[in-house]
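The values are calculated or read from the model by the stated rules, or taken from the named source; none is laboratory data. Keep in mind the model is a prediction, meaning the values are calculated, not measured. Every residue, glycine among them, receives a Cβ derived from its backbone with ideal geometry; neighbour counts consider all protein chains shown. Heads up: the accessible areas ignore ligands, DNA and RNA and are worked out on the full protein's heavy atoms, side chains in. Shrake-Rupley method; radii C 1.70, N 1.55, O 1.52, S 1.80 Å.
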Amino acid sequence: MSEFITYLVTGIALGSSFALIGSGFVVVHRVTRVVNFAQGSLAVLGAMLSASLLAGRLPHVVGEMVTVVVCGLVGVLVGVVAIGKRGTPPLISLIVTLGVSMLFSAAIIWLWGQDPVSPPGLDGFTTILGAEVERQRLLVLVVTLVAFAGLSLFFSRTYLGKALTASASNPFAARLVGIDVRRMGLVAFGLSGVLGGLAGVLVAPSNALSFYSDLPMALGGFAAAVFGGLVSPLRTLVGGLGLGVAGQLTAGYLNGSYQTEVALLLMMVIMIARSRSFAHEEAK
Amino acid sequence: MTQMMSRVMSRARSRPQPRTLLVLLACAAACVAPLVLPDLTFFMRMVMAAIVVTGLSILMGYSGQASLGQGAFVAAGALTVAVGTTRFDLPPLLALLAAPAVAAGFAALVGVPLLRLHGHYLAFGTLALLLMVQTAMSTFDVLGGALGVSGIPPLGVGDRVVVGQLPYVYLALGCLGLVLLVSHRTVHSRFGRGIQALAGSQTAAESAGVPVNRSKVVIFALSAGFAGLAGALSAFFTPYVSPDSFPAAESFTFVIMAVVGGLGTIWGGVVGAVIVSVLLQVLNTISSQPGLPPTAAPIMQYATYGTLLVLALLFMPRGVVPSVDAGVGRLLTRPRVEVPG
Amino acid sequence: MLHITDLVVRYGSAVALDGVSLEVGRGEMVALVGPNGAGKSTLINTVSGMLEPASGSVVVEGTVAQVPEGRQMFPDMSVEDNLLLGGWSIRNRQLDEVFDLLPDLAGMRRRKAGRLSGGQQQMVAIGRALMARPDLLAIDELSLGLAPIVVDELAEHLRYLNAERGTAVLLVEQEVTLAFRLCARACVLEAGRVVVTGPSSELAESDAVRKAYFGDLAELADVEVSR
Ligand SMILES: Nc1ncnc2c1ncn2[C@@H]1O[C@H](COP(=O)(O)OP(=O)(O)OP(=O)(O)O)[C@@H](O)[C@H]1O
Ligand SMILES: [Mg+2]
């Protein structure tokens, strides 16, 4: 039982980072129709940056906050490159972001080297139902839930959030009422940077990240986003948590090396099983 | 059939001269190069990349979707040869012929559901597929396991077998020629006109009666077939196939080559493969100079890839081939016949 | 307050407007009529800045808001949110003024815009445009698909708006009788050119208008004959 709880919590923590990255995909895709491949790199950047800032004597919370804000700004920059030029089709934007993720890799190796980095997080363990659980992993879940609640409030309650939703729902009408749809796209990219940075900051204390982690992070996040059909943040949260838990249970009870493959396999199954209904939703 | 042939030929006649000259020149250079180049492995890899990228370019140009894991189909082709010859004693020649078919079939299976979706599910689906193929290869002993498959016999018929690298290089060049010919035929066939409509507007193509999904799957399978052929060639050339033979980065490189060369063009794949391969070779030489830190090589490689992609897409979004084509056309300032594709 | 001079608008190489000139005075209501494909929507979209002129000029003294062809709701958002977004350009979040003018909207403020009937959506579209407190209201197809009773009601609102607020109106309307009843002046557009402009009462008698008015019928007749 205690083993199961450990796997469950570990899975939920990892799944939370998938959910955060996945919601970054969703936010950008809804507003711009672009799939931002650099989403995983932003998480890696978050991990590296927070490690440096915290080592440079910034106190906890402040160090993490600064990291997340910087990641948001970098996200905007990614957006400028990806959609800044008028009339770039989404396929081309996707490949531009693939290029941007490679530039990230170069910069990360240059600044932080090739070794995995793990910033300090919450120390200590808590006992849940007889299982020793790292506190950091619980923190990940709590912050993720808060972030999703904040995201949902932002989209439904704030004027800017409504303008973003409007740009996603009917770009023509959005332009008609004076919303600068391209600028909204940049806001979405910035938001995805914040979410990616947050994922990196949260997950790296337990799972060290290197420049090489961008691909698994991006794929995990995309897999979570697929649950939400690339449009629903809430279903992305559920999908991310499900993927994380399924991966950890497989890793724990079957074989430790297959957790990514389980996530990918589930993603493929979902895509194939739901291809009809997704296609239908998109056509609407 | 004859009608189609004559139409293709009349097109060929109306094509401007410089283009034909350029193609002839390229053919000649390709035939002579293996005899004078010191490093045949580099040249062989470049030719195989060109085969893969020719298919990828057509896929991306006409279906509007990318495959980030084209390596999965290269692997399918390589495995057909490796496993077929060593485990099932298939004659090597038969394995070579079967490889593209196996890869194409594999692609059709995945492509039918994924291509129905927009939003680049295919890009991530193929990437996931590649990673799963890698895992499958290292897990199942039939596919070589962690050690990989070695002892692949040389290509040959009966007792006569191929010796040395040179024959494989010419075989690969021949295959590239075949791939280019098939691509040309496909793009200029009745089916090709359908997929050209698809490249313009999917809705318009649909309403014009083009079976959109089926056409996309056919192109996808074709591109995977080319990739499988390249994989088969590589399995004969380097008679060892392991999970590490198909890194994701290589599949990204194929995309970069396709974009640099020009999506949806016949010659874009070749041009992109040559430009990017040569550039990488040069960079490799520079970054392995003494005195540079060991991280110089990956930094330079990633930076070049990234810069190439971003700059190429933003400033030459149609790629080298169409841009140069248009430039030459303008230089000549004589009325040019539009050659679609 | 609206000065259009020698306006040319293209879609790619196709010319949709070919040298159009038109004036709308302060507080004036002008009808824009013409057969399908004449370029009416193109003109409206250019006035509101959705399309760029290829040449010529559009000068607006004040602000424009548009009630677009096809209503263009944000379908998954509430009526209230649709209206609020209408005020985006001037950050106007006061719904009361619009509810005063179009009281029906207050009753459906929480409903999803995509679930409303055509007439209700048209009302939302007008309300949304009014949120920008425009000096010129550009309306594309006021009556399309609506019951006569609803149309009359909307027309009444427009007249009130014009009289009370001095809002100028540029009205595209297939229903020529309605357009001429509402607007003192009218402009007939055909194949991207202005055929005639003048007081509605005079135009109602003219041949050009007859042709525009019965344009569709005339074409139908031609087809019949050629068969
Ligand atoms: N997005 C577009 N792309 C290309 N051509 C267009 C586009 N929109 C309109 N056109 C063309 O421009 C011309 C004018 O169209 P417009 O929509 O302005 O006509 P309209 O007078 O509003 O017609 P209707 O009464 O049917 O609404 C038509 O010939 C039309 O085919
Ligand atoms: Mg119209």
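Of all residues in region A:176-199, exactly one satisfies the criterion of being at the interface with chain C (Cβ under 10 Å from one of its Cβ atoms), crowded, with 17+ Cβ neighbours inside 10 Å and not hydrophobic (A, V, I, L, M, F, W, C), namely A:G178. Applying the selection to region C:11-62, what residues are among the basic types (K, R) and either closer than 19 Å to C:V195 by Cα or within 13 Å of ligand 2 (Cβ to nearest atom) (or both)? Hit for region C:11-62 is C:K40, nothing else. For region C:131-166, taking the residues that are assigned to a loop (DSSP other than H, G, I, E, B) and open to solvent by less than 10 Å² (accessible area, probe 1.4 Å), the one that is farthest from C:D81 (Cα to Cα) is identified as C:L142.
Within region A:139-159, residues that are under 21 Å from A:L241 (Cα atoms) reach partners that are among the β-branched types (V, I, T) with beta carbons closer than 6 Å, at six or more positions or on different chains, in the pairs A:L141/A:I12.
Among B:A297, B:A312, B:A303, which is the only one that is within 14 Å of chain A (Cβ to nearest Cβ), at pLDDT 85 or above and crowded, with 16+ Cβ neighbours inside 10 Å? One residue alone meets the criteria, B:A303.
With the structure loaded, tell me whether C:L171 is assigned to a helix (DSSP H, G or I) and not assigned by TED's automatic domain parsing to the domain that holds C:D96 or whether it fails that test.
no
Is it the case, given these coordinates, that C:E61 is open to solvent by 50 Å² or more (accessible area, probe 1.4 Å), over 18 Å from C:A129 (Cα atoms) and either more than 11 Å from ligand 1 (Cβ to nearest atom) or touching a residue at least 24 places away in the same chain (Cβ under 8 Å) (or both)? Taking the combined requirement at face value, the residue does not satisfy it. For region C:118-130, the condition of being open to solvent by less than 10 Å² (accessible area, probe 1.4 Å), within 16 Å of ligand 2 (Cβ to nearest atom), not charged (D, E, K, R) and not assigned by TED's automatic domain parsing to the domain that holds C:M50 holds for at least one residue.
Is it the case that some residue within region A:86-94 is within 14 Å of another protein chain (Cβ to nearest Cβ) and under 30 Å from C:N92 (Cβ atoms)? Yes, some residue in region A:86-94 is within 14 Å of another protein chain (Cβ to nearest Cβ) and under 30 Å from C:N92 (Cβ atoms). Looking only at residues of region C:168-180 that are surrounded by fewer than 22 Cβ atoms within 10 Å (Cβ to Cβ) and touching a residue at least 24 places away in the same chain (Cβ under 8 Å), we find that the one that is farthest from ligand 1 (Cβ to nearest atom) is C:F180.
When residues in region B:53-78 are screened for being open to solvent by less than 10 Å² (accessible area, probe 1.4 Å), away from every other protein chain (no Cβ under 12 Å) and of a type outside the set (G, A, S), 5 of them pass. Of all the residues in region C:134-169, those that are closer than 17 Å to C:R181 by Cα, within 16 Å of ligand 2 (Cβ to nearest atom) and away from every other protein chain (no Cβ under 14 Å) number 4.
In region C:41-58, what count of residues is obtained for those that are within 16 Å of ligand 1 (Cβ to nearest atom) and surrounded by fewer than 19 Cβ atoms within 10 Å (Cβ to Cβ)?
The initial filter retains those residues of region C:41-58 that are within 16 Å of ligand 1 (Cβ to nearest atom), namely C:41-54, C:56, C:58.
If we keep only those that are surrounded by fewer than 19 Cβ atoms within 10 Å (Cβ to Cβ) too, we end up with C:49-50, C:52-54, C:56.
Counting residues in region C:41-58 that are within 16 Å of ligand 1 (Cβ to nearest atom) and surrounded by fewer than 19 Cβ atoms within 10 Å (Cβ to Cβ) gives 6.
Restricted to helices (runs of 4 or more DSSP H) entirely inside region A:158-250, those with at least 1 residues that are closer than 30 Å to A:V269 by Cβ are A:159-169, A:181-203, A:214-227.
Residues to consider are B:V163, B:V210; find the one that is crowded, with 16+ Cβ neighbours inside 10 Å and among the β-branched types (V, I, T). Give the derivation first.
Working: B:V163 fails: crowded, with 16+ Cβ neighbours inside 10 Å.
Answer to the selection: B:V210.
C:A38 fulfils the conditions (1) open to solvent by 10 Å² or more (accessible area, probe 1.4 Å); (2) near ligand 1 (Cβ under 7 Å from one of its atoms) except for a single criterion, (1).
Taking the criterion of being more than 16 Å from ligand 1 (Cβ to nearest atom), basic (K, R) and at positive phi, would at least one residue in region C:72-93 satisfy it? Even if it seems obvious, please write down each step before you answer.
Of the residues in region C:72-93, the ones more than 16 Å from ligand 1 (Cβ to nearest atom) are C:73-93.
Restricting the remaining residues to those that are basic (K, R) gives C:91, C:93.
Filter once more, so that each one left must be at positive phi: C:91.
Checked region C:72-93: at least one residue is more than 16 Å from ligand 1 (Cβ to nearest atom), basic (K, R) and at positive phi.
Of the residues B:L114, B:L127, the single one that is in contact with a helix residue (DSSP H, G or I) (Cβ under 9 Å, 6 or more places away or on another chain), over 16 Å from B:T253 (Cβ atoms), facing chain A (nearest Cβ under 10 Å) and open to solvent by less than 10 Å² (accessible area, probe 1.4 Å) is B:L114.
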